[in-house]
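Peer 1: Take this structure, written in structure tokens, and hold onto it; I'll ask about it next.
The values are calculated or read from the model by the stated rules, or taken from the named source; none is laboratory data. Since the model is a prediction, treat every value here as computed from it, not as a measurement. Heads up, the Cβs are rebuilt from the backbone with ideal geometry, glycines too, and the neighbour counts pull from every protein chain shown.
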Amino acid sequence: MEEGLLPVSVYPAGRGLLFLAIHTYLWYNNLDCGQVCIPETTEKYIESFRCFFSSSETLVPGNVSNKKENIMYKKFEMELAGRTLRVDVDRVAKQANGAVLMHYGDTTVLCTATASEKPRDGIDFFPLSVEYNERLYAVGKIPGGFNKREGKASENAILTCRVIDRPMRPLFPKDYRNDVTLENLVMSVDQDCSPELTAMLGAAIATSISDIPFDGPISTTQVGLVDGEFVFNPTAAQKEVSDLALTVASTKEKVIMIEAGANEVPEAQMIEAIFAAHELNQKVIAFIETIVAECGKAKHEYTSCAVPEELFEAIKEIVPPAEMEEAVFTDDKQTREENIRVITEKLEEAFAENEEWLAVLGEAVYQYQKKTVRKMILKDHKRPDGRAIDQIRPLAAETDLIPRVHGSAMFTRGQTQICTVTTLAPLSEAQRIDGLDEAETSKRYMHHYNFPSYSVGETKPSRGPGRREIGHGALAERALLPVLPSEAEFPYAIRTVSETFESNGSTSQASVCASSMSLMTAGVPIKAAVAGISAGLVTGETDDDYLVLTDIQGLEDFFGDMDFKVAGTHKGITAIQMDIKIHGLTRPIIEEAIAATKKARTYILDEVMNKAIAEPRKEVGTYAPKIIQMQIDPQKIGDVVGQRGKTINAIIEQTGVKIDITDDGAVSICGTEKEAMEKAAKLIATIVTDFEAGQLFEGKVISIKEFGAFLEFAPGKEGMVHISKISKERVNKVEDVLNIGDVVKVVCLGKDKMGRFSFSMKDVAED
């Protein structure tokens, strides 16, 4: 042993923590720890260990060959709605521009942000891609199907991508053309800690700490309403009983995204919930800022794709502002597009020899239109179609447009036209869901939205529903769910399909109106009619310089700053979706937009929809299936089903109906012919009835013996009539009175000596 060194075993106990640190250091450097000795004078080493271990860093055991940077990561924690939110930085996915491993309770999501080195050529938009990848191992499931692996994204995953995209997109530079991908991988799910919310927070943090240009951070909060009280980031149990499912994203100053489903929540209460979430978001943003301060990278330089200012000046000389105003000032979409096409051709001819300008001419014309429309609206209070600021386009409603379907209605608002068809089916036709949410295993109400190219005067092949179609369908579905009857009240699976016949702004809210009327024509006893409308926004240089527009058309959506969709009844709001292109909204703007949509919604309900159909029809349509419900003893379910389904299949074969039985003994008989349904109900009632003396039955002769006849009262339910009980007159042979297939009335006599139920024909009382 070298002079001046002491064995670890005799080193003063007060240095125990240092012992641990030194042992760790030696292990980490693959040194021999068997005979470790420590210098008597260790002060100079203590400081080096302090540098080695940061207060915000965690040393994770690993292979001794690992380098320091591979096993060190930074951990940040905060309490969020009673649960711990933890962010691990520099732990995994280090080759991404930004990456965080998010933990909320036991929910774990890996969130990454990656950008290309160079801008994509030939595009005039920011190419942002958001992915939300659900892995069924997160809830301990193996995927179904032949391949036993995850396939295409679920609807929930697609909707989550959209809700992540909407608040993030406006905060990237408008002239940025580098591809950016935000990936969110769900690896573990705690049902009380939303993986969707965790991904929203993680995507914002990963982008904020990356070198990708981004004007964040942002935070997102979910709000429930339980027993009249707001609940933040509700648990699974709280979501089950909540009257509100609100998601709010905020920057440090403003609200940037709102998404909500609600059980007719009043406008004032909704506004209160939005800004309660906004307040909580500020605490999370402060937490994120500490992460960015310690781990954030310097934002990288990028090639701007902005249109040269000299090109704008040249365009204005050829096409003066007054000419552009005249071109866009029309309520006909095709006319306006033709006017712009003529202007574009004129400019292409003028700049034919300037290839650099020609490459960005389309974007320049677009921006010129945008500036023109915004100036007309904000400064002149003049909308492109000549309407007043709060005026709704011409409205029309029509029911029973399509024959032989279960229900149909069409709603028209200007050049936006939606036809919705309703289909009813037994509850067995409800959609099965195999996802991460254990509470959602089936969906009884399905709303599907289709957007064909002819609706906007274009031609392209149909490739099935995209993210937009799925998003619009989900929004309308969310708006109508609160008014649907319960399964006990109306034991049907319900599907509504909204076909876009014509589109010029806010087709999703037209779908809400058309679907509400279509459900009523189908005889679905909804609690109240639901209407939807969209408000727009044009802002100036300051927060106080703005104008809220009622019922925006496509042009005002494209060139404006907001698409604020609100659906609801007379009583309150059922759904909200807010998309914006600026860095957030102030409270006065949100309050004014909600007030404008309430006024418009009330007008649509009273003056248009209620005049087309005021209340649901009392019965389902001629071509819709009819359902009879009955309750049986759950212990008798096996008797009705029979061995390997033999009994129930026999009933179905005899009557042609569909039969559903739940575990609690609720039986639904579905068919189109009333007599067949009643026959099936009678057969089931017979099967579950315990034969008692004096009961009357009707049975079919299935077998004849010398001593009597055997009758089948229902599939699997048989009894015998002794020859002495066939007739009041003497019967020598059973065949003299009965033949196989005869249907006869009998009365139960009880059990015979052998314990079998016996019946009598002769003792049936005459009518």
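Peer 1: Name the residue, out of ILE291, ILE256, ILE271, that is under 17 Å from PHE76 (Cβ atoms) and either not small (Gly, Ala, Ser) or not assigned by TED's automatic domain parsing to the domain that holds GLN577 (or both). Reasoning before the result, please.
Peer 2: On the way: ILE256 fails: under 17 Å from PHE76 (Cβ atoms); ILE271 fails: under 17 Å from PHE76 (Cβ atoms).
After ruling out the rest, the residue left standing is ILE291.
Peer 1: Can you find even one residue in segment 197-207 that is in contact with a Lys or Arg (Cβ under 9 Å, 6 or more places away or on another chain) and under 24 Å from HIS472 (Cβ atoms)? Don't jump to the end; show me each part of the working.
Peer 2: Taking segment 197-207 as the starting set, the residues that turn out to be in contact with a Lys or Arg (Cβ under 9 Å, 6 or more places away or on another chain) are none.
No, there is no match, as no residue in segment 197-207 is in contact with a Lys or Arg (Cβ under 9 Å, 6 or more places away or on another chain) and under 24 Å from HIS472 (Cβ atoms).
Peer 1: Looking only at segment 183-227, which residues are assigned to a loop (DSSP other than H, G, I, E, B) and of a type in the set (Asp, Glu)? First the steps, then the outcome.
Peer 2: So the first thing to find is which residues in segment 183-227 are assigned to a loop (DSSP other than H, G, I, E, B), and the list is 189, 191-192, 194, 210-218, 227.
Once the filter is applied, which keeps residues that are assigned to a loop (DSSP other than H, G, I, E, B) and of a type in the set (Asp, Glu), segment 183-227 yields ASP192, ASP211, ASP215, ASP227.
Peer 1: Spot the failing condition for ARG177; the list is (1) in contact (Cβ under 8 Å) with a residue 60 or more places away in the chain; (2) buried (at least 20 other Cβ atoms within 10 Å of the Cβ); (3) out of contact with any helix residue (DSSP H, G or I) (no Cβ under 6 Å at 6 or more places or on another chain); (4) under 24 Å from LEU480 (Cα atoms), and only one is missed.
Peer 2: (4)
Peer 1: Next question, about the same structure. Tell me, yes or no, whether segment 105-125 has at least one residue that is under 24 Å from the mean Cα position of the chain (by Cα) and free of Cβ contacts under 8 Å to residues at least 60 places away in the same chain.
Peer 2: Taking segment 105-125 and keeping what is under 24 Å from the mean Cα position of the chain (by Cα), we get 105-113.
Then keep just the ones that are free of Cβ contacts under 8 Å to residues at least 60 places away in the same chain; that gives none.
Within segment 105-125, not a single residue is under 24 Å from the mean Cα position of the chain (by Cα) and free of Cβ contacts under 8 Å to residues at least 60 places away in the same chain.
Peer 1: Name every residue in segment 614-651 that is in contact (Cβ under 8 Å) with a residue 24 or more places away in the chain, more than 30 Å from ALA268 (Cβ to Cβ) and assigned to a loop (DSSP other than H, G, I, E, B), in order of residue number.
Peer 2: Hits for segment 614-651 are ARG617, LYS618, GLU619, VAL620, GLY621, TYR623, ALA624, PRO625, ILE632, ASP633, GLY642.
Peer 1: Still on this model: Among the residues of segment 390-398, are any modelled with pLDDT of 90 or more, surrounded by 17 or more Cβ atoms within 10 Å (Cβ to Cβ) and touching a Phe, Trp or Tyr at 6+ places or on another chain (Cβ under 6 Å)? Give the derivation first.
Peer 2: To start, the set of residues in segment 390-398 that are modelled with pLDDT of 90 or more comprises 390-398.
Next, only the ones that are surrounded by 17 or more Cβ atoms within 10 Å (Cβ to Cβ) stay: 392-393, 395, 397.
Going one step further and asking which of them are touching a Phe, Trp or Tyr at 6+ places or on another chain (Cβ under 6 Å), we end up with 397.
Looking for residues that are modelled with pLDDT of 90 or more, surrounded by 17 or more Cβ atoms within 10 Å (Cβ to Cβ) and touching a Phe, Trp or Tyr at 6+ places or on another chain (Cβ under 6 Å), one finds at least one in segment 390-398, hence yes.
Peer 1: Tally the residues that are among the charged types (D, E, K, R) and either outside the structural domain of ALA96 (by TED's automatic domain parsing) or within 14 Å of ASN97 (Cβ to Cβ) (or both), restricting the search to segment 183-231.
Peer 2: 2
Peer 1: Just one of (1) closer than 30 Å to ALA600 by Cα; (2) in contact (Cβ under 8 Å) with a residue 24 or more places away in the chain; (3) part of a loop (DSSP other than H, G, I, E, B) trips up GLU398, so point out which.
Peer 2: (3)
Peer 1: Report, ordered by the first and then the second residue, all pairs with beta carbons closer than 7 Å, sequence separation of six or more or different chains, a first member in segment 226-238 that is in contact (Cβ under 8 Å) with a residue 24 or more places away in the chain and over 12 Å from SER194 (Cα atoms), and a second member that is surrounded by fewer than 18 Cβ atoms within 10 Å (Cβ to Cβ) and among the small types (Gly, Ala, Ser).
Peer 2: As it stands, the answer is PHE230/ALA276, since those pairs meet every condition given.
Peer 1: Right, something else. Listed residues MET257, MET187; which is among the hydrophobic types (A, V, I, L, M, F, W, C), surrounded by fewer than 23 Cβ atoms within 10 Å (Cβ to Cβ) and in contact with a Ser or Thr (Cβ under 8 Å, 6 or more places away or on another chain)?
Peer 2: Just one listed residue meets the conditions, MET187.
Peer 1: Here is a follow-up. Being among the hydroxyl-bearing types (Ser, Thr, Tyr), more than 24 Å from GLU615 (Cα to Cα), in the same structural domain as GLY523 (by TED's automatic domain parsing) and loosely packed, with under 15 Cβ neighbours inside 10 Å, is that true of even one residue in segment 413-432? Spell out the reasoning first.
Peer 2: Of all residues in segment 413-432, those among the hydroxyl-bearing types (Ser, Thr, Tyr) come to 416, 420, 422-423, 428.
After this cut, where a residue has to be more than 24 Å from GLU615 (Cα to Cα) as well, the list is 416, 428.
If we keep only those that are in the same structural domain as GLY523 (by TED's automatic domain parsing) too, we end up with 416, 428.
Then drop every residue that is not loosely packed, with under 15 Cβ neighbours inside 10 Å, which leaves 428.
So far as segment 413-432 goes, yes, one or more of its residues are among the hydroxyl-bearing types (Ser, Thr, Tyr), more than 24 Å from GLU615 (Cα to Cα), in the same structural domain as GLY523 (by TED's automatic domain parsing) and loosely packed, with under 15 Cβ neighbours inside 10 Å.
Peer 1: Same structure again: Scan segment 367-406 for residues that are in contact with a strand residue (DSSP E or B) (Cβ under 8 Å, 6 or more places away or on another chain) and at positive phi and jot them down.
Peer 2: Correct list: HIS381, ASP400.
Peer 1: Go through segment 282-304 and count every residue that is in contact with a Pro (Cβ under 6 Å, 6 or more places away or on another chain) and either more than 14 Å from ASN97 (Cα to Cα) or at pLDDT below 95 (or both).
Peer 2: Taking segment 282-304 as the starting set, the residues that turn out to be in contact with a Pro (Cβ under 6 Å, 6 or more places away or on another chain) are 285, 288, 299, 303.
Then drop every residue that is not either more than 14 Å from ASN97 (Cα to Cα) or at pLDDT below 95 (or both), which leaves 285, 288, 303.
The number of residues fulfilling the criteria is 3.
Peer 1: In segment 630-681, which residues are surrounded by 14 or more Cβ atoms within 10 Å (Cβ to Cβ) and either assigned by TED's automatic domain parsing to the domain that holds GLY716 or of a type in the set (Lys, Arg) (or both)?
Peer 2: Residues satisfying the conditions are LYS636, LYS658, LYS679.
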